[in-house]
1. Only residues that are at negative phi and either among the aliphatic types (A, V, I, L, M) or touching a His at 6+ places or on another chain (Cβ under 9 Å) (or both): list them for segment 51-82, please.
2. Limited to segment 117-140, what total is found for residues that are touching a strand residue (DSSP E or B) at 6+ places or on another chain (Cβ under 9 Å), of a type in the set (A, V, I, L, M) and more than 15 Å from T158 (Cβ to Cβ)?
3. In this structure, is I112 β-branched (V, I, T), touching a residue at least 24 places away in the same chain (Cβ under 8 Å) and within 17 Å of C62 (Cβ to Cβ)?
4. Would you point out the residue of segment 143-185, among those that are of a type in the set (S, T, N, Q) and surrounded by fewer than 16 Cβ atoms within 10 Å (Cβ to Cβ), that is modelled with the lowest pLDDT?
5. Looking at segment 78-89, can you tell me whether even one residue there is out of contact with any strand residue (DSSP E or B) (no Cβ under 8 Å at 6 or more places or on another chain), modelled with pLDDT of 95 or more and not in a loop (DSSP other than H, G, I, E, B)?
6. Looking only at segment 58-76, decide whether some residue is in contact with a strand residue (DSSP E or B) (Cβ under 7 Å, 6 or more places away or on another chain), at pLDDT below 95 and not in a loop (DSSP other than H, G, I, E, B).
Amino acid sequence: MNENFLDMAEVTYLTPENSRFYLTKNGFPALEAVLPKFGDDLEEEDKTPIKQDLGRVYFHRCFPFESPDEYISVLNGDGREYAMIRNLADLPEEAQTIIKTELDRKYFCPIIEKINSLKEKLDYSFWEVKTNLGDMNFSMHDTYRNIARVGNGMLILTDVDGNRFRIEDVSKLDRKSFKKIELYL
């Protein structure tokens, strides 16, 4: 066995020529594609591409902040990857709409524009904020661990329910808002 990692990690890219995205009757994204048969890891796989309807699919951004429209993994319900989309712009407009709608739902992340109130009690912090979607309230447990620096001043805050909130650039917050969050930075 003389394979290196790159030989083992084959990536199939979806293009307009080998794939068609559509919505199921219930409105979920689905895929019809020409791909090798998707089998069990333990069985010897036939790598001959065949046209198949894979049904409902899920999407995962490999670089959600740096390149949100590039390198999007297309997965089955168990989280196994069928293929990759190199760039959304390479696909037809209908496919782009289906994929972007699902990604917007999955990566829903209101942008915090102002922190109106921030209080801490018993290892919980209670936030009242103004976002691009209006006023919102949320709480965080172990606040220090639930604020992630993404780069270029961007912060991602995750509340107790797993919801995410984004601060585009912490240095551009108004003075009062910055003072409230400064302790956690």
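The values are calculated or read from the model by the stated rules, or taken from the named source; none is laboratory data. The structure presented is a predicted model; accordingly, all values stated were derived computationally and were not measured. Cβ sites come from the backbone with ideal geometry, for glycine too, and all protein chains shown count toward neighbours.
1. L54, V57, I72, S73, V74, L75, E81
2. Qualifying residue count for the region: 2.
3. no
4. N152
5. yes
6. No: segment 58-76 contains no residue that is in contact with a strand residue (DSSP E or B) (Cβ under 7 Å, 6 or more places away or on another chain), at pLDDT below 95 and not in a loop (DSSP other than H, G, I, E, B).
Residues checked against (1) over 30 Å from A30 (Cα atoms); (2) surrounded by 13 or more Cβ atoms within 10 Å (Cβ to Cβ); (3) modelled with pLDDT of 95 or more; (4) within 19 Å of the chain's Cα centre (by Cα):
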site	(1), (2), (3), (4)
D104	no, no, no, yes
F108	no, no, no, yes
N116	yes, yes, yes, no
K119	yes, no, yes, no
L122	yes, no, no, no
E128	yes, yes, yes, no
N137	yes, no, yes, no
H141	yes, yes, yes, no
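Residue-wise test of (1) touching a Lys or Arg at 6+ places or on another chain (Cβ under 7 Å); (2) over 30 Å from N18 (Cβ atoms); (3) touching a residue at least 12 places away in the same chain (Cβ under 8 Å).
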{"position": "E93", "(1), (2), (3)": "no, no, no"}
{"position": "K121", "(1), (2), (3)": "no, yes, no"}
{"position": "F126", "(1), (2), (3)": "yes, yes, yes"}
{"position": "V129", "(1), (2), (3)": "yes, yes, yes"}
{"position": "N163", "(1), (2), (3)": "no, yes, yes"}
{"position": "V170", "(1), (2), (3)": "no, yes, yes"}
{"position": "I181", "(1), (2), (3)": "no, yes, yes"}
